[in-house]
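The values are calculated or read from the model by the stated rules, or taken from the named source; none is laboratory data. Computed from a predicted structure; not experimentally measured. Quick reminder, even Gly has a Cβ in these numbers, built from the backbone with ideal geometry, and neighbours come from all protein chains shown. The protein model used for the area step is the full one, side chains on, heavy atoms only, and it has no ligands, DNA or RNA in it. Shrake-Rupley method; radii C 1.70, N 1.55, O 1.52, S 1.80 Å.
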Amino acid sequence: MGSLRLACAHTAGTAASRLSRLLGRGRGETVYGRTLLALDPQALTKLSRNRDIVLVSGTNGKTTTTNLLSQVLADGTDEGVSTSVYGANMTAGIAAAIGAIPRHRYVVLECDELYLPEMYRVLKPRVIVLLNLSRDQLHRTGEVRKVANLWHNTFTHDDVTFVIDRDDPFLEYAVSQAGHVVRVSFGGRRHPDAATCPACLALLDWSLGDYQCQCGLGSTLATVRSDKRLSGPARNAVLAVEAARLMGAVVPLEVQEQLTIQAPDRVTEYDVDGVTVSTRLAKNPESWRGAIVATTAPQVVLSVNARGIDGRDTSWLWDIDYSAFAGRTVVCTGERQLDVAYRLSVQGVEVTVAQDFAAAVRSLDASLPIQAIASYTAYQDLAAATMGIRKATGGRS
Ligand SMILES: [Zn+2]
């Protein structure tokens, strides 16, 4: 009876999804997932049975890491992998990925930070990869500590293996009651939100380039050490490889080496009146810090929106050091152009504002290189504009 109900729910979901696509309302994943769960509330439990599931969560790089891990797992096991390609990472999106046919034994799912406890309980994954915790979508997730506490109180059993970047004290705290943890260290680096210990609130000692606390947080040795200074995407690639190995994939060292060198960043070339602008997606302080390091052109466009998915609270703009832009030509645009312009001017960086991205580019010298950084929906709008759609409204977090 259970499987009949699931089959009917799947059929209805597929029909609803097809209708949604025909009406031009998007890819239909969310519609499928919602229909499936409305008709069979137990669908996720049923679909997770007899499957080997990995969940990927954390603030930065979930979608990229999920795609990379799926590929590495498929290559290293010679089997198919069910996965969420487009990053729909809440309940309906996860239902769409795990319900999609063919239903492979291996499943790699991106999971929103706040949904992770529920998905952990319902899907019973074998491995959970935790990338990092940093400030993001403050109106929804609150401070980093809130998510860390939620995870810490959830992960109290030994029924799953975690792969974490142990240089992040919030992750170390999140899994401190868990049974099996593969800790990967990249030589330590300061976490801007972890002046105090997530466990006991004492001041963390960062004097040796790594954290130590009187309560013992930080004293557990890393299982895997990578001594190179890697970018965020490259660090995530190392975590993905460790997770794939835990799932039984064979990943030769030279393949791992190659993956960290080629670790993808979200950069797209946009053309404005024949001028090419290399544009980097950055969604929160952590990814902006990486994007600023990678933005070396003499002329820079910064585009910031504050729709739900970007985080309506723009106070995070104040968590970033923009001094690298001093002396360069910077134009601010997007719906929150004044927020970002004011922030930079307070730091002594001279800026101008422009009505939109195209106007920003036109105000610059076309004979000199231009690079841009765009927040989530600002980046989506650019992609939509190149496809002839006026404005992207959908999306994910
Ligand atoms: Zn402590």
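Here nothing in the chain passes the span test, since no DSSP H helix has an alpha carbon length of 20 Å or more along the helix axis and a Kyte-Doolittle mean of 0.5 or above.
Can you give me the % of accessible surface on the chain that is carbon or sulfur? Probe 1.4 Å, all protein chains present, nothing else counted.
Working: 9410 of 17640 Å².
Roughly 53 percent, rounded to a whole number.
In the neighborhood of ALA202, defined by Cβ-to-Cβ distances under 15 Å, what is the net charge if each Lys or Arg adds +1 and each Asp or Glu adds -1?
Numbers: positive: ARG145; negative: GLU172, ASP205.
Spelling it out: positives minus negatives among the neighbours equals -1.
Straight Cα distances below 28 angstrom link LYS283 to the lysines LYS62, LYS146, LYS228, LYS391, with same-chain residues fewer than 8 positions distant left out.
May I ask you to order 35-42, 167-174 by the average number of other C-beta atoms within 10 Å around their residues, highest value first?
Numbers: 35-42: 18.9, 167-174: 25.0.
The densest-packed peptide leads the list: 167-174, 35-42.
Among the cysteines of the chain, those with no neighbouring cysteine Cβ under 4.7 Å are CYS8, CYS111, CYS332.
Potential lengthening of the chain between TYR342 and LYS124 amounts to 73.8 nm, from the contour at 0.36 nm per residue minus the alpha-carbon distance.
What percent antiparallel are the DSSP beta bridges of segment 267-386, to the nearest 5? Taking every DSSP beta bridge with both residues in segment 267-386, the antiparallel ones total about 25 percent.
A simple charge model with +1 on the Cβ of Lys and Arg, -1 on the Cβ of Asp and Glu and nothing else charged puts the dipole of segment 246-381 at about 220 debye relative to its Cα centre.
Solvent-accessible area per residue in segment 1-40 equals 65 Å², computed with a 1.4 angstrom probe and all protein chains kept.
For segment 1-46, report the translational diffusion coefficient in µm²/s to the nearest whole number, using Stokes-Einstein at 4 °C, 1.567 mPa s, and a Kirkwood Rh over Cα pairs. All intermediate terms of the calculation are to be shown ahead of the outcome.
Details: Rh = 10.4 Å.
Using the Kirkwood radius from Cα pairs, D works out to 124 µm²/s.
Peptides 351-364, 327-340, 211-224 ranked from most to least packed give 327-340, 351-364, 211-224, packing being the mean of other C-beta atoms within 10 angstrom over each peptide's residues. Please give the FRET efficiency for ASP159 paired with LEU23, using the beta carbon to beta carbon distance and R0 = 56 Å, rounded to the nearest 0.05. According to the calculation, E is roughly 0.85.
Suppose all protein chains stay in the model; what accessible area per residue would a 1.4 Å probe give for segment 248-397, in Å²? Please list the in-between numbers first.
Numbers: 7180 Å² over 150 residues.
Normalised by residue count, the accessible surface of segment 248-397 is 48 Å².
For VAL56, the residues 5 or more places off, or on other chains, whose built amide H falls under 5 Å of its own are LEU109, GLU110, CYS111, VAL129.
Label the chain by shape, choosing from rounded, prolate and oblate, from the square roots a ≥ b ≥ c of the eigenvalues of the Cα gyration tensor; if a/c is under 1.5 it is rounded, and otherwise prolate applies when a/b is larger than b/c, oblate when it is not. Could the numbers behind the result be given before it?
Numbers: a/c = 1.79, a/b = 1.19, b/c = 1.50.
Oblate, because a/c is 1.5 or more while a/b does not exceed b/c.
Evaluating 6.51 cos²θ - 1.76 cosθ + 1.60 at θ = phi - 60° for every residue in segment 296-306, the Karplus couplings come out as 10, 5, x, 10, 10, 10, 10, 10, 10, 10, 9 Hz, glycine and proline recorded as x. Where the centroid of each part is defined by its Cα atoms, how far is segment 306-371 from segment 106-129 in Å? Here the answer is 36 Å between Cα centres.
Express the accessible area of segment 78-164 per residue in Å², computed with a 1.4 Å probe while the remaining protein chains stay in the model.
Numbers: 3140 Å² over 87 residues.
Heavy-atom SASA per residue in segment 78-164 reads 36 Å².
Helical runs assigned H by DSSP (4 residues or longer) give the chain a calculated mean residue ellipticity at 222 nm of -11500 deg cm²/dmol, each run adding -39500 (n - 2.57) before division by the residue total.
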